[in-house]
Amino acid sequence: MHLTQEEEDILAGEAGEGRQWAMELLVGLGRIFDAEDLVPIESAQLAGVSFKTIGEPGLGWLQDVSRSSVVSVPAMLNPAGMDPARWKEMGVSEDFASKQRAILRAYNRMGVELTCTCTPYLIGRSPGFGDHVAWSESNAVSFCNSVLGARTNREGGPSALAAAVVGKTPRYGLHMPTNRLPTAEVRVDPGDTNVDYGALGVHVGRELGNAIPFFRGIRPTGDELKTLGAAMAASGAIALFHVRGVTPEAQAGIEPERGLETLSVGPEELERAQKSLSSSLREQDVDLITIGCPHVSIDELEEIAQFLKGRKRRKDAPDLWVCTSKEVRKLGTEAVKIIEGFGKVLVDTCMVVAPIDEVASSTATNSGKAATYLPLDAFCGQKVLYRSTPMLLSLLVE
Ligand code: F3S
């Protein structure tokens, strides 16, 4: 792997131990994956923020590196385990909250922006087409590669932090144009039904693993692309996809080669995927309704408010969490007012990385990604009901 003199110096510790550990990690990673060199990045998005996901060992490590490291490019965070202002209302314990605050302090000390969202691309933190970045949350990675046409591998929390400190990442994988070509084709024919993009993503991720699918037969909106990418990244490990006539590299002329594996998806496959995302849970037994995986956009926030406007909350309705970023919540003040007559619009957190098992055991969601993670025994331990947004909201009203 070729290193410049400056990079060699950092590796030798001449720029301090705060940059040395980061360079060691990046060079180690680059050697494993046969990277030619390091490529400068525009930004980093760091996973490994919730105390639930990183625990004491992660907190200790962050406190350690934060004594000597500072980021050198714009860096922001994935959702934390709680809304920083409303953690008590979420049922989060004082102990968890104090550990969570310590994690945020450590990132802050390193110069990381305390914007905790998995949809930085909805709040003006979008790299340009062809830019290199080091992002780590899997839906953010998918959207960044597929919809923005920027380039990132699926980074882990430590490798994204190391990239933020050095301002570079090893050039391999999806940073190379030749590795961004489709490796499978997906032909979707939903018949007379609307495409459920969460179910489609879950099905394709399960079938294709970590392929680069090229879709035909769909025309998703921006929010639907977000839903599709998140679900494929959760049920499989898909970090890049193309949609004919929609995503930028497909518009620029990328086409699948002949003879690639082809997956056909029709109404039956979509229905089977939808059903597979629910446990044997009855609507009347739901403790909590969660929307916002990935974090909701301003359009989605307004659609929810539009549905609820002028309606009355059922007396025995379950609680509602709508998860988003601080910035979207601020933009949607009117919508938030309406929604908060029925539940909470939480920021900087989500139903998966919050300690949800302390407040609920049965959760309903409209997200293919959340429905994949919520049932995991060791992680969220939930019985799950997967439904469309209007069906979920109708459980709240008289
Ligand atoms: Fe985002 Fe949490 Fe879902 S990080 S993609 S809302 S699991």
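The values are calculated or read from the model by the stated rules, or taken from the named source; none is laboratory data. Everything quoted here is computed from the prediction, not taken from an experiment. In this analysis, Cβ positions are derived from the backbone assuming ideal geometry, glycine residues included, and neighbour counts consider all displayed protein chains. Calculation scope for accessible area: heavy atoms of the full protein, side chains included, ligands and nucleic acids excluded. Shrake-Rupley method; radii C 1.70, N 1.55, O 1.52, S 1.80 Å.
A few notes on this one:
- Among all residues of the stretch 167-175, there is at least one that is within 19 Å of the chain's Cα centre (by Cα) and either crowded, with 20+ Cβ neighbours inside 10 Å or touching a residue at least 60 places away in the same chain (Cβ under 8 Å) (or both).
- Residues that are closer than 20 Å to Gly201 by Cα and assigned to a loop (DSSP other than H, G, I, E, B), drawn from the stretch 238-254: Ile238, Ala239, Leu240, Phe241, Arg244, Gly245, Val246, Thr247
- So Arg187, is it over 30 Å from Pro74 (Cα atoms) and either modelled with pLDDT of 95 or more or open to solvent by less than 10 Å² (accessible area, probe 1.4 Å) (or both): yes
- Where a residue in the stretch 19-30 is at pLDDT 95 or above and its partner, wherever it lies, is acidic (Asp, Glu), with Cβ under 7 Å and at least six apart: Met23/Glu7
- Residue list for the stretch 270-280, restricted to those being part of a loop (DSSP other than H, G, I, E, B) and away from the ligand (no atom under 16 Å from the Cβ): Ser278, Ser279, Ser280
- If you go through the stretch 205-232 and keep only what is open to solvent by less than 20 Å² (accessible area, probe 1.4 Å) and within 21 Å of Val328 (Cβ to Cβ), you end up with Pro220, Leu225, Lys226, Leu228, Gly229, Ala230, Ala231.
- Filtered by the rule that a residue be part of a loop (DSSP other than H, G, I, E, B) and more than 14 Å from the ligand (Cβ to nearest atom), the stretch 152-185 gives Thr152, Asn153, Glu155, Gly156, Gly167, Arg171, Tyr172, Met176, Leu181, Pro182, Thr183.
- Residue match in the stretch 325-348 (condition: touching a His at 6+ places or on another chain (Cβ under 7 Å) and within 11 Å of the ligand (Cβ to nearest atom)): yes
- Any hit, the stretch 354-367, residues being within 12 Å of the ligand (Cβ to nearest atom) and over 18 Å from Pro79 (Cα atoms): yes
- Taking the stretch 367-376 as the range and being modelled with pLDDT of 95 or more and surrounded by fewer than 24 Cβ atoms within 10 Å (Cβ to Cβ) as the test, only Tyr373 passes.
- Filtering the stretch 372-398 to residues that are closer than 20 Å to Arg272 by Cβ and of a type in the set (Gly, Ala, Ser) leaves only Ser388.
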